[in-house]
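The values are calculated or read from the model by the stated rules, or taken from the named source; none is laboratory data. Because the structure is predicted, anything quoted here is derived from the model rather than measured. Positions of Cβ are generated from backbone atoms using ideal geometry, with glycine treated the same way; all protein chains shown enter the neighbour counts. The accessibility values were calculated without ligands, DNA or RNA, using every heavy atom of the protein model including side chains. Shrake-Rupley method; radii C 1.70, N 1.55, O 1.52, S 1.80 Å.
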Amino acid sequence: EPLEKCIYGTDDVLLEASTTSGVEIYFESSDENVARIDGNKAVITGAGTCYITAKAVSTPNWYDATPVQRELIVEKADQTVDFDDLADKTYGDEPFALTAEASSGQEVTFTSSDPQILFIDGTTAKILGAGDVVITATQAGGDDYQPMSSTKNLHINKANLQAKADDVERIYGDKNPKLTITYTGFVNGDTEYDLDEQPKASTNANESTPVGTYDIGITPIEDKNYSINFQRGALTIEKAPLTIKVNDTEKTY
């Protein structure tokens, strides 16, 4: 019958055998990468299967006993992965390091549930967008350990962006000038063309609108990476210059 199964990293296996003659017994292992013999103990050195053979010492008074062999199965050990908690981030934050440790002491690798939001290179995470991702820290296991993973949720906030309609002015009766928007708060080299759509500035004033100051509004939009604060601008319509000329005339003396 095989020896009782054991798990890598647990106590040594006590070996027991006897002969009818009382002759001393010694043990041998077929694979010292699984277990090595130390007296009457099998010292576990790795997961796997080996054979432990009990042999009697040769004596002049007794025939050599037939060696007895037993199978020893050493199963892989479980392990844990201790993954540090993650604080919320904001789109535009610098790349940050991921840290986790496996109880086996072996290397841990990281993966992102959405590389379009969070890209991971080794242990460095780079933020590419706002949203929610799951980061998995994995120790792949190996000859002696079962694989194990641990996950953490990461929330990446939108960056704050201000969009203000630029103030403009014109003369009464003229067409409105081009209405433009000034942005403050872009990150990662973004421009207005990286938004999901471009906001538009508009006003109700036209050529016949009287002299005065009128709001310039912005049509609000939603963007996946920016929380946008829209601010109005002003269109100032000034008086148009008017020239009055007396007409020339003539008469006979």
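Under a model in which nothing but the beta-carbon of Lys, Arg (+1) and Asp, Glu (-1) is charged, the chain shows a dipole of about 1420 debye around its Cα centre.
Kirkwood-based Rg over Rh for segment 1-56 (C-alpha set), two decimals?
Result: Rg/Rh = 0.98.
Computed over the chain, the quotient of the alpha carbon radius of gyration and 2.2 N^0.38 Å is 2.28.
Legend: distances between Cα atoms for 5/152; 158/178; 89/200; 5/41; pairs beyond 24 Å are 5/152; 158/178; 89/200. In this structure residue 149 has an accessible area near 60 Å², from a 1.4 Å probe over the protein heavy atoms.
Given 0.36 nm per residue, what is the gain on full extension from residue 206 to residue 37 after removing their alpha carbon distance, in nm?
Values: separation 169, 0.36 × 169 = 60.84 nm, distance 9.77 nm.
Stretched out fully, the residue 206 to residue 37 stretch lengthens by 51.1 nm.
Accessible area ranking (1.4 Å probe, heavy atoms, ligands and nucleic acids excluded), largest first, for 192, 32: 32, 192.
Solvent-accessible surface of the chain, taken per residue with a 1.4 Å probe and all protein chains present: 65 Å².
Expressed as a whole percent, how much of the Cα-Cα distance distribution for segment 36-94 exceeds 13 Å?
On the way: 1314 of 1711 pairs.
Tail of P(r) above 13 Å: 77 percent of Cα pairs.
The heavy atoms of residue 119 present about 100 square angstrom of accessible area, all protein chains included, probe 1.4 Å.
What a 1.4 Å probe finds exposed on segment 82-237 is 44% carbon and sulfur by accessible area, rounded to a whole percent. Computed over Cα pairs, the Kirkwood radius of segment 72-155 leads via Stokes-Einstein (0.692 mPa s, 37 °C) to a diffusion coefficient of 241 µm² per second. Over the Cα atoms of segment 1-138, the radius of gyration divided by the Kirkwood radius equals 1.35; this is the Rg/Rh ratio. Pairs of Cα atoms in segment 146-221 fall into 5 Å distance bins, from 0 up to the last occupied one, in shares of 3, 11, 19, 15, 11, 10, 8, 6, 4, 3, 3, 2, 2, 1, 1, 0, 0 percent.
Residues 197, 238, 107, ordered by accessible area of protein heavy atoms at a 1.4 angstrom probe radius and largest first, appear as 107, 197, 238.
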